[in-house]
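**Student:** Please read through the structure below; I'll follow up with questions.
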Amino acid sequence: MADRYLHLTGTAPGRFLTRRLGLPQPVPLRRWSREAPGLDGPLLHLTAGESAIGGELAKVLAATGLPVELRAARPAGIVLDATGVASARGLAQVHAALHPVVRSLAPGGRIVVIGAPPSSEDHHQAAAQQALEGFVRSLGKEAGRGSTAQLLRLPAGAAPTVAESTLRFLLSPRSAYVSGQVIELTAAAPEPVADPDAPLAGRTALVTGAARGIGASVASVLARDGARVVVLDVPGAQNDLVRTADRLGATALPLDITAPDAAARIAAAAPDGLDVLVHNAGITRDRRLANMPAERWAQVVEVNLDSVLRTTDELLASGTVNRGGRIVATASIAGIAGNDGQTNYAASKAGIIGLVRSLGPRAAAEHGVTVNAVAPGFIETKMTAAVPFLIREAGRRMNSLSQGGLPVDVAETVAWFAQPGSAAVNGQVLRVCGQSLLGA
Ligand SMILES: NC(=O)c1ccc[n+]([C@@H]2O[C@H](COP(=O)([O-])OP(=O)(O)OC[C@H]3O[C@@H](n4cnc5c(N)ncnc54)[C@H](O)[C@@H]3O)[C@@H](O)[C@H]2O)c1
């Protein structure tokens with residue numbers, strides 16, 4: 001559904017009026033396109049005090065393809081290496097590095113602070129590194145003009161190359177609707193990618209709930225990145241499903257994900273195994289708890305959580321998910337913040353977060369597979385078009401970018417999780433919500 005307010009603030013009289021009234025000032029976000037795939041300008045590489053990871057980071061930043069500079073009049077991105085900040089006094093170096101340059105960041109710019117995990121043995125280091133979280137979340141709220149800020153934690157002793165796929169994503173238009181996030185990497189080495197323009201070439205991906213909305217967009221972005229795609233949706237959505245499949249050169253699998261033989265049918269549709277499994281299918285059956293019949297509760301938990309747990313277990317146990325595979329589940333900010341009328345939905349989506357955090361490390365150790373979740377905020381789809389006008393407007397504006405996201409914003413995040421280079425991204429829940437105030 002068109003965001004008329006965003007169009008209004010894009011006109012001179014609309015901007016004048018809304019500024020006078022003190023209303024939000026969203027700016028159109030620039031997404032990835034083949035013609036303009038990268039940020040438009042140099043990347044400023046700064047260090048707060050003494051880096052704990054040394055000069056290797058410079059090579060990784062150079063690999064993003066952006067021109068890296070130590071001084072830039074109008075940077076499109078700023079990376080601050082704060083890995084060595086280990087005391088409250090050391091935080092002054094963070095201020096000293098960013099204070100003089102933050103104003104010069106180009107519109108739609110990216111700030112990435114690189115930190116270290118807070119130590120359980122050194123509470124001064126832990127305090128300083130945790131401080132970076134509050135700092136970055138505040139910076140995301142201050143940045144304005146479509147700019148974003150994130151904190152990326154590198155484990156002690158890990159080669160900075162583990163961060164390459166994540167930095168490529170964060171320092172690009174693909175992460176347009178991601179802000180105020182903290183990502184904690186493991187030390188797992190990235191798998192080589194032959195063609196950076198087709199990182200999923202030769203890989204097979206299956207996306208559930210792919211007939212429309214976010215799922216169709218995920219399937220489309222994974223196909224763009226070179227994957228052979230299988231799109232799955234309920235038999236009742238077969239027409240849309242076949243249309244999506246035809247558009248992408250994908251295979252359609254009409255199947256209710258809650259069917260007892262769902263995992264077996266998925267395995268049969270992917271004879272060479274799956275490299276990417278995206279659990280996207282989801283439903284809402286909203287009612288306040290006092291008015292909610294048991295079936296409404298059960299339907300939502302069954303589709304959104306139980307079928308995800310069941311099919312994941314079976315597809316891992318049968319070896320259908322290949323080594324180096326990527327499992328991505330779909331949570332929601334409702335699972336983090338809670339929502340009036342959504343006890344069933346929020347419970348199911350919080351359950352996804354529990355699944356990802358628990359299974360991620362074990363799946364990596366036992367199967368060489370990562371497990372992550374995307375947690376969308378307000379995304380412009382049929383689901384949110386059905387929301388009453390005032391609640392919809394509030395959902396759109398109550399975030400640092402003052403607008404709703406698009407399905408492609410979620411899809412780009414899933415594609416980053418899915419990359420062979422993202423082996424170090426595991427057990428993470430990334431919110432794609434424009435830094436929503438809900439559950440912040
Ligand atoms: N749109 C948002 O703002 C938003 C926000 C947070 C989370 N999400 C989550 O993102 C996912 C996609 O949402 P959307 O907005 O694209 O929704 P949507 O309703 O447009 O699409 C969901 C798809 O899942 C399919 N599906 C439902 N039950 C199924 C089943 N049993 N088996 C197979 N397929 C099934 C539907 O037929 C539909 O095509 C969902 O998990 C949703 O909870 C969406």
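The values are calculated or read from the model by the stated rules, or taken from the named source; none is laboratory data. This one's a predicted model, so the numbers in the text were calculated from it and none came from an experiment. Glycine also receives a Cβ, built like all others from the backbone with ideal geometry; neighbour counts cover every protein chain displayed. Keep in mind that these areas ignore ligands, DNA and RNA; they rest on the heavy atoms of the full protein, side chains included. Shrake-Rupley method; radii C 1.70, N 1.55, O 1.52, S 1.80 Å.
**Student:** Could you please state how large a percent of the accessible area of the stretch 132-205 is carbon and sulfur, counting protein chains only and using a 1.4 Å probe?
**Tutor:** Solvent-exposed carbon and sulfur of the stretch 132-205 make up 52 percent of the total.
**Student:** Counting only residues 5 or more places away or on other chains, whose amide H sits under 5 Å from the amide H of T251 once H atoms are built in the peptide plane?
**Tutor:** Hits under the 5 Å cutoff: V229, V230, V231.
**Student:** Assuming R0 = 22 Å, can you tell me the calculated FRET efficiency for the pair R15 and K382, based on Cβ-Cβ distance, to the nearest 0.05?
**Tutor:** Using R0 = 22 Å, I get an efficiency of 0.15.
**Student:** Another question, if that's okay. Apply the Karplus parameterisation 6.51 cos²θ - 1.76 cosθ + 1.60, with θ equal to phi minus 60°, to every residue of the stretch 103-108 and state each ³J(HN,Hα) to the nearest whole Hz, in sequence, with x for glycine and proline.
**Tutor:** Result, rounded to whole Hz: 5, 8, 4, 5, x, x.
**Student:** Right, here's the next one. If amide hydrogens are placed 1.01 Å from N in the peptide plane, which non-local residues have theirs closer than 5 Å to the one on I111?
**Tutor:** The list, which skips near neighbours in sequence, is I78, T148, A149, Q150.
**Student:** Follow-up. Got a sec? Charge dipole of the chain, +1 on Cβ for Lys and Arg, -1 for Asp and Glu; which of P190, P173, A82 is way out at the positive end?
**Tutor:** Sorting the options by dipole projection puts first P173.
**Student:** Also: Hey, what D do you get for the stretch 286-440 in µm²/s if you plug the Kirkwood alpha-carbon radius into Stokes-Einstein at 20 °C and 1.002 mPa s?
**Tutor:** So the translational diffusion coefficient is about 131 µm²/s.
**Student:** Still on this structure, I have one more. With labels modelled as points extended 7 Å from the Cα through the Cβ direction, what inter-label distance (nm, one decimal) is found for D286 paired with S119?
**Tutor:** So the two model labels end up 4.8 nm from each other.
**Student:** Convert 37 °C to kelvin, take the viscosity as 0.692 mPa s, use the Kirkwood radius over C-alpha pairs of the stretch 31-110 as Rh, and evaluate the Stokes-Einstein diffusion coefficient in µm²/s, rounded to a whole number.
**Tutor:** In µm²/s, the coefficient rounds to 244.
**Student:** Can you work out ³J(HN,Hα) from phi for every residue in the stretch 283-295, in order, using Karplus 6.51 cos²θ - 1.76 cosθ + 1.60 and θ = phi - 60°, giving whole Hz and x for Gly and Pro?
**Tutor:** Coupling constants for the stretch 283-295: 9, 10, 9, 6, 5, 5, 3, 4, 10, 9, x, 4, 5 Hz.
**Student:** Using the heavy atoms of the protein chains and a 1.4 angstrom probe, tell me the accessible area per residue for the stretch 311-398 in square angstrom.
**Tutor:** Values: 3390 Å² over 88 residues.
For the stretch 311-398, the per-residue accessible area is 39 Å².
**Student:** Set the Förster distance to 25 Å, then compute FRET efficiency between R362 and E191 from the Cβ-Cβ distance, nearest 0.05. Provide the component values of the computation, followed by the final result.
**Tutor:** Values: r = 20 Å, r/R0 = 0.78.
Between R362 and E191 the formula returns 0.80.
**Student:** Can you work out the Karplus-derived ³J(HN,Hα) for every residue in the stretch 386-402? Use 6.51 cos²θ - 1.76 cosθ + 1.60 with θ = phi - 60°, whole Hz, and x for glycine or proline.
**Tutor:** Result, rounded to whole Hz: 7, 6, x, 3, 5, 5, 5, 4, 4, x, 5, 8, 7, 8, 5, 9, 6.
**Student:** When the helices in the chain are scored as -39500 (n - 2.57) per DSSP H run of 4 or longer and the sum is shared across all residues, what 222 nm value do you end up with, to the nearest 500 deg cm²/dmol? Write out the running numbers ahead of the final one.
**Tutor:** Numbers: 16 runs with 161 residues, N = 440.
It lands at -11000 deg cm²/dmol.
**Student:** For all pairs of alpha-carbon atoms in the stretch 325-370, what percent lies in each bin of width 10 Å, listed from the first bin to the last filled one?
**Tutor:** Each 10 Å bin holds this share of Cα pairs: 29, 42, 23, 7.
**Student:** Restricting attention to the alpha-carbon atoms of the chain, what are Rg (one decimal) and Dmax (integer), both in Å?
**Tutor:** Gyration radius and largest Cα-Cα distance of the chain: 21.4, 62 Å.
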